[in-house]
Amino acid sequence: WCSDEARFGLQPVIRRIWAPKGERPVAPVAPDYQWLWLYAAHPRSGENFWLSLPALDTAMVQLFLDEFAKAQAPVGKQIILYWDGAPAHRAKGLRVPERMTLVEGLAYTPELNPAEKLWPLVKEGVANESFKDLGALERRVCRRVCHLSEDPEQIAARLNYHWWPDG
């Protein structure tokens, strides 16, 4: 499995859009600096595990690992999870759940983490929109994630690095 986190906030994701010739498209912008974090883990097969949390810190990373282990590492199964070297991943108090092995990627090499390729798919669902609060944003992000989860082939196509092992 590969894993990553992405921050979503009330500052909108701005993307190019088509507009009639001579007209400028308008994208609403909120001046708020509030964020939520989407944690994700995916094997090459396109299976997926998503969790929306309020921060990227040691406590939330621990919660993600615990919930991921409950959902994906039943008795008799060993999970290998590849992730980047974010500071919260290197915290001394982090407890790795049983039946899970963590493999830390090289620092500053997001191109080596297949999970990075999924964020444009998620952000597509919230692009060029302004949300009144984090609850509305989280509901939209969760709807997008549910939609993507219904199409594991689309996820698998993004994770299809020639060197990534089949799982």
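The values are calculated or read from the model by the stated rules, or taken from the named source; none is laboratory data. Computed from a predicted model, the values in this text were never measured in an experiment. All Cβ positions, even for glycine, are placed from backbone atoms using ideal geometry, and neighbour counts span all protein chains on display. Accessible surface areas use protein heavy atoms only, side chains included; no ligands, DNA or RNA. Shrake-Rupley method; radii C 1.70, N 1.55, O 1.52, S 1.80 Å.
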Exercise. State whether the residues of the range 107-115 include one that is small (Gly, Ala, Ser), outside any strand (DSSP E or B) and at pLDDT 85 or above.
Key: yes
Self-check item: Answer from VAL13, VAL61, VAL26 - the residue that is modelled with pLDDT under 85 and either open to solvent by 60 Å² or more (accessible area, probe 1.4 Å) or farther than 26 Å from GLU150 by Cβ (or both)
Solution: VAL26
Self-check item: Complete set of residues in the range 128-167 that are modelled with pLDDT of 90 or more, under 25 Å from VAL26 (Cβ atoms) and surrounded by fewer than 16 Cβ atoms within 10 Å (Cβ to Cβ)
Solution: ASP133, GLY135, ALA136, ARG139, ARG140, ARG143
Quiz item: Scanning for something without any contact (Cβ under 8 Å) to a residue 40 or more places away in the chain and of a type in the set (Val, Ile, Thr), does the range 62-78 turn up at least one residue?
Solution: yes
Exercise. Select, from ARG140, ARG144, the only residue that is closer than 16 Å to TYR39 by Cβ, in contact with a Gly (Cβ under 7 Å, 6 or more places away or on another chain) and part of a helix (DSSP H, G or I).
Key: ARG144
Quiz item: Restricting attention to the range 70-95, which residues are charged (D, E, K, R) and surrounded by 16 or more Cβ atoms within 10 Å (Cβ to Cβ)?
Solution: ASP84
Quiz prompt | the range 66-92 - residue that is within 14 Å of CYS2 (Cβ to Cβ) and among the aliphatic types (A, V, I, L, M) and, of those, modelled with the lowest pLDDT | solution = ALA86
Quiz item: If only one of LEU94, LEU65 is out of contact with any Leu (no Cβ under 6 Å at 6 or more places or on another chain), in a loop (DSSP other than H, G, I, E, B) and not β-branched (Val, Ile, Thr), which one is it?
Solution: LEU94
Quiz item: Which residue out of GLU104, GLU124, GLU67, GLU98 is of a type in the set (D, E, K, R), open to solvent by 60 Å² or more (accessible area, probe 1.4 Å) and under 19 Å from TRP164 (Cα atoms)?
Solution: GLU104
